[in-house]
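Notes for the one structure printed next.
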Amino acid sequence: MAAALYPPRPEQDTLKAEEESAARELSWLLSSLQETIDNVRSGLQECSDHLTPRTTNTTTGTTLVLSSPRSESLKGYATRVANKIIKSDMQVKMYGLPNTKGFACHKLSLDPKGKGIVLEQLTDVGNYVAESLDIVNGGMDVAEKLGGAMRCVHAAREALRGTQEHRLFPYHAVDPRIFDPLLHTHLAFDLYISEAALVVELRTLDPLPPPEYRGPTFALPSLESPFGFRERFAAAVGLRNGGNGVGAGNQDQIYSYKGGDVRVRERVRVESQDPSLMAVWAKLGGLEHALGLAIKSLDIVKSAVGVCQ
């Protein structure tokens, strides 16, 4: 199917009309995108409000329950203020951990006199949001604002999605002095954010002698059958990990940790959804989508103008 102008017009006039039409469309789009930028600015400010405490009173914050499903391996809570865990108390029952004096479990609590645990991911998210706000409030043109904000928003969302390996076991070890009592030497502790949820991972470790003094290695007996209900259920719903414990394959793995070789005897992973971080996660996703559409529309119209010119 073809379309034609009637009465016919000279080709030069037609090209000029197309050029003027594309220029008007570009002008209209640039004007309408100001509203998009205003909406992005509002959304970023909302994210900043969720990430930054509204009060300097450190006794308040978001308290999250930490509980391992269908077991007593880990029970407790953690309180977050901005990008820091300021208070936490956990009761741990894992192989090889002695009971804390006066308790029927191993107590794992942050030292109330300490500085707490800084969540570097949330520091990164806050920095990206702040940089994006600087961009949309700056004096750049619309295209530069959209592109810069898109880059920062995408980076912020990726930071909330998961942490980098170098911040986790076996590449990183927390300072045992942040706990009271001190963190047990045979316990590895990780705390991070995964898709807006606070995640705690504990691993009990078996230290190994140097390789030259090490005999044949055998898989340690698992505290839970790798073919138990939890593992079968996890496999059925597509989860990689079936909850607490480790399989024989993981127990065969030898890690270099804190200057020596270790083997993981038992692993517990617990996550707790943080309402404020979930709101930031959703808002950043919406902003990323809106910015993507705006950038695509602007590229299409600019391309049309360039062809006409």
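Here the strands (runs of 3 or more DSSP E) wholly within region 69-143 that include at least 3 residues being open to solvent by 50 Å² or more (accessible area, probe 1.4 Å) are 84-92. For region 259-282, the tally of residues that are closer than 26 Å to ARG41 by Cα and open to solvent by less than 10 Å² (accessible area, probe 1.4 Å) stands at 3. Whenever a residue of region 271-289 is in contact (Cβ under 8 Å) with a residue 60 or more places away in the chain and closer than 17 Å to ASN127 by Cα, its partners that are aliphatic (A, V, I, L, M) and open to solvent by less than 40 Å² (accessible area, probe 1.4 Å), lying with C-beta atoms within less than 6 angstrom and at least six residues away or across chains, give the pairs LEU277/ALA196; TRP281/LEU160; TRP281/ALA196; LEU284/VAL153; LEU284/ALA156; LEU287/VAL40; LEU287/VAL153; GLU288/VAL153. Whether any residue in region 41-55 is surrounded by 18 or more Cβ atoms within 10 Å (Cβ to Cβ), within 30 Å of THR123 (Cβ to Cβ), at pLDDT below 95 and of a type in the set (Ser, Thr, Tyr) is what I want to check. No, that holds for no residue.
Limited to region 156-180, what total is found for residues that are assigned to a helix (DSSP H, G or I) and either surrounded by fewer than 17 Cβ atoms within 10 Å (Cβ to Cβ) or over 13 Å from the mean Cα position of the chain (by Cα) (or both)?
8
Restricting attention to region 103-123, the residues that are touching a helix residue (DSSP H, G or I) at 6+ places or on another chain (Cβ under 6 Å) and closer than 12 Å to TYR192 by Cβ total 1. Out of region 181-207, which residues are of a type in the set (A, V, I, L, M), closer than 17 Å to LEU119 by Cα and open to solvent by 20 Å² or more (accessible area, probe 1.4 Å)? Of everything in region 181-207, just one residue is of a type in the set (A, V, I, L, M), closer than 17 Å to LEU119 by Cα and open to solvent by 20 Å² or more (accessible area, probe 1.4 Å), namely LEU191.
Filter region 181-196 down to the residues that are part of a loop (DSSP other than H, G, I, E, B), within 18 Å of ASN99 (Cβ to Cβ) and among the hydrophobic types (A, V, I, L, M, F, W, C) and list them by number. Result: LEU182, LEU183.
The values are calculated or read from the model by the stated rules, or taken from the named source; none is laboratory data. Note that the coordinates shown come from a computational prediction; the quantities given were computed from them, not determined experimentally. Ideal geometry is used to build each Cβ from the backbone, glycine not excepted, and the neighbour counts take in all protein chains shown. Quick note on the areas: whole protein, heavy atoms, side chains included, nothing else; ligands and nucleic acids left out. Shrake-Rupley method; radii C 1.70, N 1.55, O 1.52, S 1.80 Å.
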